[in-house]
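These notes are about the structure you will find just below.
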Amino acid sequence: MSKTLLVGLDAACWNYLNPLLEAGKMPALQRLIESGTWGTMQSTMPPWTPTAWASIITGKNPGKHGIFDMMWRRPGTYEFTPTNAKARMGTPFWKRLDEAGVRVGMVNAPFTYPCDPLNGFIVCGFGTPNSASDVTYPREVHQWIEQEFGHYEPAVEPQFLRTASPSEIFKVEREHQARQVQIALEMANRYEVEVLAINLMFTDHANHKMPEMEQVQAAYVQADKDVDALIQGFQPDNVMLISDHGSNRLQGNFLLNEWLRDQGYYVQAENVSSDRSAALNWVLVKWLQTHNGWSGPQEIILRRLARESLLKLPNGVQERFWDKIDAVIPFAREHVLLSDEPDYSRTKVFPGSIYSGLLYFNLVDREPQGIMSAQERHALASEIAEKLLEVKEPETGEPLFSNVYTAKDIYTGPAIEYAPDLIIDSYDKGWNIQATKYVPTSEQTTNRYFVDLRGHRDFGWHSRDGIFVFSGSAFNVGPASTEGHVMDIPATLLHLNGVPIPEDYDGRVLTELFTSELSQQPVQYQPGDVEASISTDEAYSTEEAEELMSHLRALGYLD
Ligand SMILES: [Zn+2]
């Protein structure tokens with residue numbers, strides 16, 4: 001029996017790894033590189049964990065698996081709910097291996113909840129509600145975990161990630177990951193798996209949550225120890241170390257909604273009165289305390305008075321008052337009066353989840369309150385793309401976006417009808433897209449589209465360039481001559497295990513990476529999936545969906 005270890009080093013890229021390798025701080029990775037073949041692994045567009053992992057799991061492009069974003073859009077609605085395994089179309093690679101009699105163990109692969117039965121085992125990963133009770137298959141794995149470690153949470157508590165200091169986060173994430181490694185090794189042994197796949201996510205979380213690069217590097221050094229433990233414990237014949245996407249440090253955010261609004265594509269709905277009152281209070285605190293020097297009980301009384309009366313004043317008076325406030329707190333008026341939700345009856349284009357840079361057209365025949373005809377689609381796509389490509393980075397004056405794609409440019413397959421209409425590639429620069437309105441603060445007064453990171457708790461973002469290092473008896477030694485794509489991972493893994501490749505895979509077997517003996521073995525094929533329609537089932541209860549939203553927020557994926 002030949003054993004393969006597939007390790008995901010989430011968000012790893014050569015830019016981050018090279019200095020650590022040169023300093024001798026990642027000895028396990030260094031050994032894999034010296035004894036194997038390595039290169040760049042292109043991610044999906046967008047290079048997001050759910051989209052990229054759906055391609056790793058199914059071997060297909062997003063136009064076939066249907067996962068485009070952290071949030072999944074319920075077809076025919078404006079509702080976005082956290083992505084889950086049920087929304088994914090396509091047979092996962094572990095089922096293909098399982099059917100061929102290869103035993104697989106999966107630990108912490110993102111968006112595997114709810115989990116499928118198989119002969120090996122699954123411990124569901126990122127995207128599993130911490131309150132869920134069925135987080136493993138078979139259930140006895142969960143029982144063993146709880147006996148051994150107490151209550152098991154698939155992910156570090158979101159509230160903790162939001163409030164804890166970087167050093168506290170480091171300690172808890174390190175322990176969490178070490179536990180997952182222990183679980184993987186114990187279960188791999190118990191179920192005698194031939195393929196053990198595990199995703200180590202601390203490297204990604206560190207990039208998002210740690211303000212200093214040294215702290216991010218510490219997470220990589222830790223991951224190297226975990227990789228070493230996995231190799232020592234599992235004793236694989238071959239190791240496939242991969243990342244789902246790369247990383248960038250974040251300089252700031254580009255406020256897409258503000259831009260769309262100024263271009264006339266997007267109309268904000270009015271703020272509901274409770275949000276309005278909170279926003280008004282916040283603006284008045286800034287105005288009275290910071291700009292007019294009021295304090296103590298007098299400020300409180302004046303603020304209450306202003307809060308209660310301002311929005312009831314005749315329009316003309318209100319306008320004059322707002323002009324005064326706007327002069328010192330730019331865009332305060334819009335902040336109070338307008339919400340972050342589109343008014344769909346007047347909006348042509350609206351964004352997907354907050355950070356994704358995905359845009360949907362509000363089409364008459366598709367959306368509940370569509371206002372655009374299908375005929376306008378093509379012209380509008382070109383117009384918006386052209387304008388977006390003219391947006392310049394504030395300091396360098398260079399174009400901010402590398403590309404703007406239509407779904408047809410980059411996706412193929414039946415799920416394309418659920419794809420966003422435009423996909424903005426913002427992954428070469430340190431500025432990320434944030435689809436929210438401008439929130440005025442006293443520090444950010446110059447440019448409404450670009451906000452820096454002051455007051456934020458997110459410090460890193462994704463790039464398209466991930467990595468791979470394949471090492472062991474099956475693989476060549478030396479740098480790879482070609483780049484891989486995340487879709488190639490399952491095809492390569494199946495071929496390595498002598499399992500035919502489904503005909504509908506978009507990824508290919510990276511034959512050039514195998515030793516000459518294996519690379520000459522012809523790639524065998526098997527039938528692909530019967531075309532399935534997209535699921536509209538509820539995988540999560542309302543409480544679970546809320547819990548996941550809060551987790552995604554804590555990680556900085558949602559606002
Ligand atoms: Zn990731």
Given charges at beta-carbon only (K, R positive; D, E negative), |dipole| of the chain in Debye = 1100
The FRET efficiency for residue 477 and residue 229, from their Cβ-Cβ distance with R0 = 35 Å and rounded to 0.05, is 0.90
Put a dot 7 Å past each Cα toward the Cβ at residue 313 and residue 383; how far apart are the dots in nm?
-> 3.8
In the neighbourhood of residue 338 defined by beta carbon distances under 11 Å, the net charge of the other residues (Lys, Arg +1; Asp, Glu -1) is -3
Alpha carbon centre of segment 69-106 versus segment 316-385: separation in Å?
-> 32
Using the charge dipole of the chain (Lys, Arg: +1 at Cβ; Asp, Glu: -1 at Cβ; taken about the Cα centre), state which of 291, 71, 494 has its Cα farthest towards the positive end.
-> 291
Work out the charge dipole of the chain with +1 on the Cβ of Lys and Arg and -1 on the Cβ of Asp and Glu about the Cα centre, then indicate which of 399, 120, 39 is farthest towards its positive end.
-> 399
In nanometres, what is the gap between the two model label sites at residue 452 and residue 160, each 7 Å from Cα along Cα-to-Cβ?
-> 3.3
Rounded to the nearest 10, the angle in degrees between the Cα long axis of helix 49-58 and the longest principal axis of the Cα atoms of the chain comes to 30
Could you line up 142, 208, 245 from fewest to most neighbouring Cβ atoms inside 10 Å?
-> 142, 208, 245
The relative contact order of the chain, taking Cα pairs under 8 Å that sit 6 or more residues apart, comes to a percentage of 27
Shape box of the chain [Cα atoms, principal axes, largest first, Å] = 82, 54, 46
Neighbour-count order for 72, 144, fewest beta carbons within 10 angstrom listed first = 144, 72
In degrees, nearest 10, range 0 to 90: what is the angle between the Cα axis of helix 542-554 and the longest Cα principal axis of the chain?
-> 90
Take each of the peptides 147-156, 214-223, 515-524, average the number of other beta-carbon atoms within 10 Å over its residues, and list them starting from the highest.
-> 214-223, 147-156, 515-524
How far is helix 376-388 tilted, in degrees, relative to the longest principal axis of the Cα atoms in the chain, given as a value from 0 to 90 rounded to the nearest 10?
-> 90
Distance-filtered residues of segment 203-230 - backbone nitrogen under 17 Å, label point 7 angstrom along residue 21 Cα→Cβ | 217, 220-225, 227-228
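No value in this document is a laboratory result; all are computed from the given coordinates. If you're wondering where the values come from, they're calculated on a predicted model, not measured in any experiment. Note: ideal-geometry Cβ built from the backbone for every residue, glycine included; neighbour counts use all protein chains shown.
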